[in-house]
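Reviewing the structure listed below.
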Amino acid sequence: MKANKAYKFRIYPNQSQQELIAKTFGCVRFVYNKMLYEKITHYKEHGESLKVTPAKYKADFEFLKEVDSLALANAQLNLDVAYKNFFRNKSIGFPKFKSKKTDRKSYTTNCVNNNIRIEDKHIALPKLGKVRIKQHRYIPSYYKLKSATISQTSSGRYFVAILYEYEVDIQPKPINSVIGLDFSMSELYIDSNGNKPEYPRYYRRALDKLTRMQRTLSKMSKFSNNYYKQKRRIARLHEYIANQRKDFLHKQSRQIANAYDCVAVEDLNMKTMSQALNFGKSVSDNGWGMFVSFLAYKLYEQCKQFLKIDKWFPSSKTCSKCGNVRQELSLSERVYTCDCGNVLDRDVNAAINIRHEAVKVLGLRNA
């Protein structure tokens, strides 16, 4: 079967290339907003959907001919996907107009007739020509390049995410080892063996420095040169913290994916937890959602199992030894005690129950 894999590299465009990238960002945003406006207006007037393409605007707006046409075509595809997602699930929200004040900008272009290729420490991109690239990953020769997404972060750095397609023969592996992971606010997770990583709280450690930098920004004249310089310094610090977190999560997920045939986690809504329980900074700094997504694709690549246990499963209230379920268990109780004599750390007990439930779902006996 076919599978996709993306590689993200940093690129170093020259001044003229940066100007063309900025123009493409603006054109993609312009076309997206123009099509969205016409769709909304046509539906209000006629009560039916309207299909529009970027080619419609090129006669009236000559500047659209100066940028990559495939980037404009992908803006149309993104809008169509946004519409379909909305009508499939109204809770997602109606497509919104794109603002030029957003911190992160990007556009996607497709590979046609080998117009995107990596060679001699450079990547060839449509309209841009050859751009210097920092390639830190080996790409197998049998991978087929499909598309490239060029982006600019709020710190001013440029990146390209290259999507490849390849053939993979997935053969289910026998499951000999299963582990359960329970979310932990302070240690990222605790597994069913009682192990927990020493999670460096990167955001918390940088909070004092970040506060000083933001206080300095607040005293500057808005929209002055120094104001924008300070904003970029703050953005670079945020980016550095995010990269530290990603590096740690990648290493942890790799260790687990290599060591076990099946990993089970609880299906938690991290956004709700951060808002309803007032744990916003702790949950965001923890990066559990990112960790779970890293773990899932690493297991998939090795043809291993990844299970999400229902969030209503009483993993914390159930005794991992006798199966008795307590009716009440407050968050302040960090040690689980049962009438059967089981006295165990609350999170370890929950991780064991998650593992037991995974074994039950898989129908295993000796795992």
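Where a number appears in this text, it was derived from the coordinates with a stated rule and is not lab data. The structure presented is a predicted model; accordingly, all values stated were derived computationally and were not measured. In this analysis, Cβ positions are derived from the backbone assuming ideal geometry, glycine residues included, and neighbour counts consider all displayed protein chains.
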So which aspartates and glutamates pass the test for Lys304, namely a Cα distance under 16 Å, with those fewer than 8 places away in the same chain ruled out?
-> Asp169, Asp261
Cα centroids of region 292-354 and region 73-110: how far apart, whole angstrom?
-> 37 Å
Any idea what the dipole of the chain comes to, in debye rounded to 20, about its Cα centre with Lys/Arg Cβ at +1 and Asp/Glu Cβ at -1?
-> 1620 debye
With label points set 7 Å from each Cα along the Cα-to-Cβ direction at Asn243 and Val361, the distance between them in nm comes to 3.6 nm
Pairs of Cα atoms under 8 Å, at least six residues apart: use those to get the relative contact order of the chain, whole percent.
-> 16 percent
In nm, spacing of pseudo-spin labels at Tyr142 and Thr211 (7 Å Cα→C-beta vector) | 5.5 nm
For the chain, one quarter of the surface area of the C-alpha convex hull, expressed in nm², comes to 24.4 nm²
Unpartnered cysteines of the chain (Cβ-Cβ under 4.7 Å counts as a partner)?
-> Cys27, Cys111, Cys262, Cys303
Taking H as built 1.01 Å from N, whose amide H comes closer than 5 Å to the amide H of Ser192, not counting residues under 5 places away?
-> Gly180
Summing +1 for each Lys or Arg and -1 for each Asp or Glu, what net charge is found among the other residues whose Cβ lies under 13 Å from the Cβ of Phe294?
-> +3
Rounded to whole Hz and in sequence order, give me ³J(HN,Hα) for region 114-125 from the Karplus expression 6.51 cos²θ - 1.76 cosθ + 1.60, θ = phi - 60°, writing x for Gly and Pro.
-> 6, 6, 10, 7, 9, 7, 6, 6, 9, 10, 8, 10
Can you put Ser221, Ser184, Ser293 in order, fewest other beta carbons within 10 Å first?
-> Ser221, Ser293, Ser184
For region 178-362, what's the relative contact order in percent, using C-alpha pairs closer than 8 Å and at least 6 residues apart?
-> 30 percent
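Please report, in whole Å³, the volume per residue of the convex hull around the C-alpha atoms of region 160-245.
147 Å³
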So which lysines can Lys317 reach, going by Cα to Cα under 25 Å and dropping same-chain residues fewer than 8 places off?
-> Lys196, Lys271, Lys308, Lys360
Determine ³J(HN,Hα), in whole Hz, for all residues of region 179-194 in sequence, where each value follows from phi through the Karplus function 6.51 cos²θ - 1.76 cosθ + 1.60 and θ = phi - 60°; x replaces Gly and Pro.
-> 9, x, 10, 10, 4, 10, 5, 9, 10, 6, 7, 10, 8, 6, 9, x
Region 37-42 - phi-based ³J(HN,Hα) in whole Hz, Karplus 6.51/-1.76/1.60, Gly and Pro as x | 4, 5, 4, 5, 4, 5
Counting helices only, and only those DSSP H runs with n ≥ 4, report the 222 nm mean residue ellipticity of the chain as the sum of -39,500 (n - 2.57) divided by its residues, in deg cm²/dmol to the nearest 500.
-> -14000 deg cm²/dmol
So what's region 199-269 giving for Cα Rg divided by 2.2 N^0.38 Å, two decimals?
-> 1.62
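If I take every Cα pair under 8 Å that is 6 or more residues apart in region 1-157, average their sequence separation and divide by the length, what percent do I get for the relative contact order?
It comes to 28 percent, rounded to a whole number.
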Once you have the alpha carbon radius of gyration of region 178-362, what is it after dividing by 2.2 N^0.38 Å, with N set to its residue count?
-> 1.24
Give the calculated FRET efficiency between Ile40 and Thr337 to the nearest 0.05, with a Förster radius of 51 Å applied to their Cβ-Cβ distance.
-> 0.30
From the Cα centre of region 136-178 to that of region 1-54, the distance in Å is 22 Å
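What fraction of the Cα pairs in region 305-366, stated in percent, has a spacing above 14 angstrom? If you can, show how the numbers build up before the last one.
Working: 1044 of 1891 pairs.
Of all Cα-Cα distances in region 305-366, 55 percent exceed 14 Å.
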If you take all C-alpha pairs in region 2-167, what percent of them are over 20 Å apart?
-> 56 percent
Structure shown: which of Lys100/Lys144; Lys56/Lys127; Lys5/Lys231; Lys44/Lys98; Lys65/Lys146 lie over 28 Å apart, alpha-carbon to alpha-carbon?
-> Lys100/Lys144; Lys5/Lys231
